[in-house]
Amino acid sequence: MLSTLEILLPVFALIFAGFVCRRRNLLGPAAASELNRFVVWLALPALLFDTMAHSTWRQLDQPAFIATFSIACAGVFVVVLIARLASGRHLADASVDAIAASYPNTGYIGFPLGLLAFGKASLTPTTIATILVACVLFALAIVLIEAGLQTERTPHKLGAKVLWRLVKNPLIASPIVGVLVASAGVSLPQSAETFLKLLSGAASPCALVSLGLFLAEKRPAAEGTSGSVTSLVLTAIKLIAQPALA
């Protein structure tokens, strides 16, 4: 029990630090979005690239982990999507609910928790999980949302739109480039290695502080209780049903 608390406390302490800084107005209203942009466009891509560039094919060859993770995410996504459609929800809205229930926060929570619990051995599987979420789960959600909104009526245009969004995503491009570097046997200069280590070291703390800043933002109260109930149900599915399925 104490060992679990020792792992969790630093993570929640960083989230709480961001929360307090925003509520005390030590950081302004734009801090959450700007820090999030730093994580998404610089720090986390550096971590993903660095991890993949130094991974071996033996480390990447984890079919059991990939299958288990994919089945858990896809299973929850499909079940929630069908349930929401059956309740009369529009396809686009049902897809958003499904991604909310099935999306594991591997980038912001997975990396720091994995590092604290398992050390550097957790970096490769966490990166694989992040790629699966971005390439498969997000791609499926985008297709369903676009189909529901009918913004693109031709399949090839829809496919091109989804592919372009994936290519532009730094959380997808950076690990793929890292794999190519590792496959080619390219050795990075020491200055580049130091740059990546410094930048990637900021990913986890900045991501957690950014999460705290986001949680501290005051939002208008939702009309009625249905929205709150739905959020609680989707959160329970994410935190209880999905891990149980895995």
- Message: Counting only helical runs of four or more DSSP H residues, what would the 222 nm mean residue ellipticity of the chain come to if each run contributes -39,500 (n - 2.57) and the total is spread over all its residues?
- Response: -22500 deg cm²/dmol
- Hits among aspartates and glutamates - C-alpha to C-alpha of LYS157 under 15 Å, sequence gap 8 or more where chains match: GLU146
- Message: Among ARG24, ARG89, ARG165, which one shows the highest mean-square fluctuation when the chain is modelled as a Gaussian network with alpha-carbon springs under 10 Å?
- Response: ARG24
- With DSSP loop assignment and no more than 10 other C-beta atoms within 10 Å, the trypsin sites (Lys or Arg not before Pro) in the stretch 104-158 are ARG153
- Query: How would you classify the stretch 1-145 from its alpha-carbon gyration tensor, with a ≥ b ≥ c the square roots of the eigenvalues: rounded for a/c under 1.5, else prolate if a/b is greater than b/c, otherwise oblate?
  - Reply: oblate
- Task: Using Cα positions and a limit of under 27 Å, work out the lysines in reach of LYS120, with same-chain residues fewer than 8 apart set aside.
- Result: LYS197, LYS238
- Dipole magnitude of the chain about its Cα centre (Cβ charges: Lys, Arg +1; Asp, Glu -1), debye to nearest 20: 320 debye
- Message: Would the stretch 74-168 count as rounded, prolate or oblate if I go by the C-alpha gyration tensor, calling it rounded below 1.5 in a/c and otherwise prolate when a/b exceeds b/c, oblate otherwise?
- Response: oblate
- Message: I need THR230, THR130, THR235 ordered by Cβ neighbour count within 10 Å, fewest first.
- Response: THR235, THR230, THR130
- Item | In sequence order, calculated HN-Hα J values of the stretch 188-200 (Karplus, 6.51, -1.76, 1.60; Hz; x Gly/Pro) | 6, x, 4, 5, 5, 4, 5, 4, 5, 5, 5, 5, 5
- Would you list TYR103, TYR108 from fewest to most Cβ contacts within 10 Å? TYR103, TYR108
- Task: List, in order, the whole-Hz ³J(HN,Hα) value for each residue of the stretch 76-92 obtained from phi through the Karplus relation with A = 6.51, B = -1.76, C = 1.60 and θ = phi - 60°; use x for Gly and Pro.
- Result: 5, 4, 5, 4, 5, 4, 5, 5, 6, 5, 5, 7, x, 6, 5, 4, 4
- Treating each Cα of the stretch 2-245 as an identical point scatterer and ignoring solvent, apply the Debye formula and state log10 I(q)/I(0) at q = 0.07, 0.13, 0.14 Å⁻¹. -0.27, -0.96, -1.11
- Alpha carbon centre of the stretch 21-38 versus the stretch 78-123: separation in Å? 25 Å
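Readers should treat all values here as calculations from the given coordinates under stated rules, not as data from a laboratory. What you see is a predicted model, and the numbers here were worked out from it, not measured in a lab. Using ideal geometry, Cβ is built from the backbone for each residue, glycine included, and neighbour counts are taken over all protein chains shown.
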